[in-house]
Amino acid sequence: NQTPQQRLQQLKDQLAYHNHQYYVLDNPSIPDADYDQLFLELKQIEQQYPELITSDSPTQRVGAAPLSKFGQVSHQVAMLSLDNAFDADDFAAFYKRMADRIDVSKDFEFCAEPKLDGLAVSIRYEQGLLVQAATRGDGFTGEDITANIKTIRAIPLKLQGDVPAVLEVRGEVFMPLAGFEAMNDKARASGDKVFANPRNAAAGSLRQLDPKITATRPLMFYAYAVGAVEDATQLLNGNSHYQRLQQLKAWGLPVCPEIRHVTGLQAALDYQQNILTKRAALPYEIDGVVLKVDDLAQQQALGFVARAPRWAIAFKFPAQEKTTT
Ligand SMILES: Cc1ccc2cc(C(N)=O)cc(O)c2n1
């Protein structure tokens, strides 16, 4: 017969499996009522044996007391913003700038994804356990929203499989449309604050100082990049950003199912048009697509342009033959 500890571990494994099926594979494996039953049994055993409670137990998602204010977190790896393209010509110019900068023998390969209209966050895992989460802030310093992030069931408290020593995941917290409409209907009925759009609702929910309020909000998360990593050999094999995202999925992190690997300028334009036609049918709001060069070595070679002021330009003279004295 099982000890309480063995039954606890079995329940945590089962609940983690069902979460993975539901949020990562979009393939529910258990009716909600049965899931709740497992959760209730786990909660009862922990009430009986509090010393057996671990930080990755789903009962610890809504634990923390309200904060008086958020702490600050400095991002080891800056959280970048993105330059914009507004039409095919802009995108072709972007493509050409890159081709002029690094000689590529063949077409660029891209990792393509919808641009989710939510809030960028960074989530840090150490030895596979969620230890910290922060907003993007100004890209270098963000707010510590660890307690609020833990309430989002799509975000694993513990990574699965062969986990890296340190893994920082960047992604978007957003509020799917169905949850947004339901929440606003309830808010109208009870005279609570009604949100103008899902992005504001997600931002407002993450900025709650009381995690118990955040826990009532229908938030979702998709990972889209990696920040600091240590001892993550699994990520280093291969040179493809797209493959890295598949590895994040294997660890239990949800990744947008619309993400594709496409090759060449035309395929990238086709992807943008394809998502534009699907936009109204997507269960969440997006404001475009994001296209990233997929090859990590090419990303490195291309680097970043520190956002030069849009209002100033250096108007250069032609190169002058240096007078040799
Ligand atoms: C580097 C970067 C910065 C912002 C991003 C924003 C989104 C997004 N809003 O979906 C997706 C990405 O892959 C991003 N990637």
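On the basis of being more than 28 Å from N239 (Cβ to Cβ), open to solvent by 10 Å² or more (accessible area, probe 1.4 Å), away from the ligand (no atom under 16 Å from the Cβ) and part of a loop (DSSP other than H, G, I, E, B), does F180 make the cut?
Numbers: more than 28 Å from N239 (Cβ to Cβ): yes; open to solvent by 10 Å² or more (accessible area, probe 1.4 Å): yes; away from the ligand (no atom under 16 Å from the Cβ): yes; part of a loop (DSSP other than H, G, I, E, B): no.
Taking the combined requirement at face value, the residue does not satisfy it.
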Among the residues of the stretch 223-237, which ones are of a type in the set (A, V, I, L, M, F, W, C) and either closer than 27 Å to D117 by Cβ or open to solvent by less than 30 Å² (accessible area, probe 1.4 Å) (or both)?
A223, A225, V226, A228, A232, L235
Any pair with Cβ under 6 angstrom, 6 or more apart, that starts in the stretch 294-305 at a residue that is closer than 17 Å to Y224 by Cα and ends at one that is open to solvent by 50 Å² or more (accessible area, probe 1.4 Å):
D294/E109; D294/Y242; D295/N239; L296/N239
Positions within the stretch 21-36 being part of a helix (DSSP H, G or I) and in contact with a Lys or Arg (Cβ under 9 Å, 6 or more places away or on another chain), in sequence order
Y22, Y23, V24
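Report whether or not A280 is hydrophobic (A, V, I, L, M, F, W, C), within 23 Å of A297 (Cβ to Cβ) and surrounded by fewer than 18 Cβ atoms within 10 Å (Cβ to Cβ). Walk me through it before giving the result.
Numbers: hydrophobic (A, V, I, L, M, F, W, C): yes; within 23 Å of A297 (Cβ to Cβ): no; surrounded by fewer than 18 Cβ atoms within 10 Å (Cβ to Cβ): yes.
No.
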Could you grab me the full set of residues in the stretch 1-22 that are open to solvent by 80 Å² or more (accessible area, probe 1.4 Å) and touching a helix residue (DSSP H, G or I) at 6+ places or on another chain (Cβ under 6 Å)?
Q5
Is it true that some residue in the stretch 164-176 is over 11 Å from F221 (Cα atoms) and assigned to a loop (DSSP other than H, G, I, E, B)?
yes
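Restricting the stretch 285-298 to residues that are within 10 Å of the ligand (Cβ to nearest atom) and buried (at least 20 other Cβ atoms within 10 Å of the Cβ), which is nearest to V262 (Cα to Cα)? Break it down stepwise before answering.
Of the residues in the stretch 285-298, the ones within 10 Å of the ligand (Cβ to nearest atom) are 286-292.
Restricting the remaining residues to those that are buried (at least 20 other Cβ atoms within 10 Å of the Cβ) gives 286, 289, 291.
Numbers: I286: 20, V289: 13, L291: 9 Å.
So, considering only residues that are within 10 Å of the ligand (Cβ to nearest atom) and buried (at least 20 other Cβ atoms within 10 Å of the Cβ), the one nearest to V262 (Cα to Cα) is L291.
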Considering only residues that are touching a residue at least 40 places away in the same chain (Cβ under 8 Å) and aliphatic (A, V, I, L, M), which ones fall in the stretch 119-146?
L119, A120, V121, I123, L129, L130, A134, I145
Taking the stretch 23-66 only, how many residues are within 24 Å of L209 (Cβ to Cβ) and open to solvent by 80 Å² or more (accessible area, probe 1.4 Å)?
1
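Answer with yes or no whether L159 is within 16 Å of the ligand (Cβ to nearest atom) and out of contact with any Asp or Glu (no Cβ under 6 Å at 6 or more places or on another chain).
In short, no.
The values are calculated or read from the model by the stated rules, or taken from the named source; none is laboratory data. Just so we're clear, the structure is a prediction, and the values are computed from it rather than from any experiment. Neighbour counts run over all protein chains shown; Cβ positions are idealised from the backbone, glycine included. For accessibility, only protein heavy atoms count, side chains too; no ligands or nucleic acids. Shrake-Rupley method; radii C 1.70, N 1.55, O 1.52, S 1.80 Å.
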